[in-house]
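Report on one structure; see the data block that follows.
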Amino acid sequence: MRPYQLLACILLFSVSCKKSSLEDSSDTTSLIKIREYATNIALPTVNIKMYTCSNYDFEFGCQSTSLFVVRVTDKNGEYMISKRELNKANQGMIFSKSQYWDREGRTGENFMEPEAWAKITLKRIIRYPDSSFFAVSTTSELGLQSYLEFKAPRKDSVFYFRLFGSEINQISWMVFTKPAIYYLCCPTDSLAGGNLSLSPKKFETLAASIDY
């Protein structure tokens, strides 16, 4: 190989290495850290579901989203997400783990609330119209809501209601009637209502009763 050809190869290799180095450095990473709310315990094996826009309209924006990848936190409750992966997750991330409430996530520190349950006995003491519904709800300290609605039973019955563990759950209940076409609207025709407070430990099931 002639001297000028060797020099050209060296220069070409040097430029190629620099270009590769710049490309690698541009794909930086960010830390996602997931902890249990109230205890700050690290949560391993949390599924990090990343969503991207699968149908974008230049006039109306994103018309549909799709799941493009699922990652999992390590034993320290952490996952290093690349810049490319983060940019592709333009429709957000959802964290999920058995016995914990799903929540939207981001880079940095995140907290997930453990679930608990209430075994509630309904004791009917008033006669309501056959079209009546029963609803029960509570909101967590992080702003998540648990809501359950069903046809008001005509006799005493039992149901299970999902709660937030390691927290005080302020539970509201209501009996109401409404036409089927307004099923998703807030009921305004309340026939009865009340409140109760439960403070379960994480994963615990407490017993309660409601006279309605």
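The single residue among GLU141, GLU109 that is charged (D, E, K, R), within 30 Å of LEU86 (Cβ to Cβ), at pLDDT 95 or above and not in a strand (DSSP E or B) turns out to be GLU141. All conditions in (1) closer than 25 Å to LYS202 by Cα; (2) within 17 Å of the chain's Cα centre (by Cα) hold for LYS75, with the sole exception of (2). Among the residues here, ASP130 does not qualify as surrounded by 12 or more Cβ atoms within 10 Å (Cβ to Cβ), over 18 Å from the mean Cα position of the chain (by Cα) and in a loop (DSSP other than H, G, I, E, B).
Counted as qualifying within the range 47-96 are the strands (runs of 3 or more DSSP E) with 3 or more residues that are hydrophobic (A, V, I, L, M, F, W, C) and touching a strand residue (DSSP E or B) at 6+ places or on another chain (Cβ under 8 Å), namely 47-57, 61-72, 93-96.
The values are calculated or read from the model by the stated rules, or taken from the named source; none is laboratory data. Quick caveat, the model's predicted, so the values are computed rather than measured. Here Cβ is always computed from backbone atoms with ideal geometry, including for glycine, and neighbour counts include all displayed protein chains.
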